[in-house]
């Protein structure tokens with residue numbers, strides 16, 4: 001029993017260090033596919049669409065979606081939606097940091113505690129839509 005518990009603890013620690021050191025699956029916002037739609041006279045909705053590709057030989061359990069520092073409206077979270085084809089498969093809500101940047105880490109693989117085998121949660125290509133409320137820069141909407 002102790003050997004099994006020790007192995008589980010060691011595996012968990014290695015997984016955490018591996019996930020912290022080298023995230024293998026990343027969707028980073030790209031300035032090429034952004035649309036902005038006014039909500040009211042004060043704020044607009046910025047939608048960024050990126051492709052997330054999880055390779056077949058992915059070995060690490062975590063993926064990351066993040067965005068650089070930008071001007072965001074206060075008190076509005078960032079919404080991240082993952083689509084496989086036209087079907088929504090995962091939705092997340094994250095707060096922005098003080099500089100307007102954000103980061104969302106998610107599981108790509110799970111460890112089955114009974115068998116010790118990893119199961120893929122995400123694999124292949126996904127469309128990721130990132131919704132962010134931003135202050136209007138134009139005086140007229």
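The values are calculated or read from the model by the stated rules, or taken from the named source; none is laboratory data. Just so we're clear, the structure is a prediction, and the values are computed from it rather than from any experiment. Ideal geometry is used to build each Cβ from the backbone, glycine not excepted, and the neighbour counts take in all protein chains shown.
Please determine whether any residue of the stretch 58-78 is touching a helix residue (DSSP H, G or I) at 6+ places or on another chain (Cβ under 9 Å) and not in a loop (DSSP other than H, G, I, E, B).
Our first condition is that a residue be touching a helix residue (DSSP H, G or I) at 6+ places or on another chain (Cβ under 9 Å); within the stretch 58-78, this holds for 59-62.
Subsequent filtering for residues that are not in a loop (DSSP other than H, G, I, E, B) retains 62.
Yes, because at least one residue in the stretch 58-78 is touching a helix residue (DSSP H, G or I) at 6+ places or on another chain (Cβ under 9 Å) and not in a loop (DSSP other than H, G, I, E, B).
If residue 119 passes every condition in (1) farther than 19 Å from residue 34 by Cα; (2) at pLDDT 90 or above; (3) part of a strand (DSSP E or B) but one, which one does it miss?
All conditions pass for residue 119, except number (2).
Quick test for you: out of 66, 106, pick the one residue that is surrounded by 14 or more Cβ atoms within 10 Å (Cβ to Cβ) and within 19 Å of residue 33 (Cα to Cα). Outline the logic, then answer.
Working: 106 fails: within 19 Å of residue 33 (Cα to Cα).
On inspection, the qualifying residue turns out to be 66.
Residues that are touching a strand residue (DSSP E or B) at 6+ places or on another chain (Cβ under 6 Å), modelled with pLDDT of 50 or more and farther than 22 Å from residue 88 by Cα: does the stretch 3-24 have at least one?
No, the stretch 3-24 contains no residue that is touching a strand residue (DSSP E or B) at 6+ places or on another chain (Cβ under 6 Å), modelled with pLDDT of 50 or more and farther than 22 Å from residue 88 by Cα.
Can you give me the number of residues within the stretch 37-50 that are loosely packed, with under 13 Cβ neighbours inside 10 Å and touching a strand residue (DSSP E or B) at 6+ places or on another chain (Cβ under 6 Å)?
So the first thing to find is which residues in the stretch 37-50 are loosely packed, with under 13 Cβ neighbours inside 10 Å, and the list is 37, 40-42.
Next, only the ones that are touching a strand residue (DSSP E or B) at 6+ places or on another chain (Cβ under 6 Å) stay: 37.
Residues that pass the stated criteria total 1.
Filter the stretch 77-91 for residues that are surrounded by 12 or more Cβ atoms within 10 Å (Cβ to Cβ), over 13 Å from the mean Cα position of the chain (by Cα) and within 14 Å of residue 123 (Cβ to Cβ) and give the result.
Of everything in the stretch 77-91, just one residue is surrounded by 12 or more Cβ atoms within 10 Å (Cβ to Cβ), over 13 Å from the mean Cα position of the chain (by Cα) and within 14 Å of residue 123 (Cβ to Cβ), namely 84.
Please state which one of 110, 114 is more than 30 Å from residue 137 (Cβ to Cβ), free of Cβ contacts under 8 Å to residues at least 60 places away in the same chain and assigned to a loop (DSSP other than H, G, I, E, B).
Unique residue meeting the criteria: 114.
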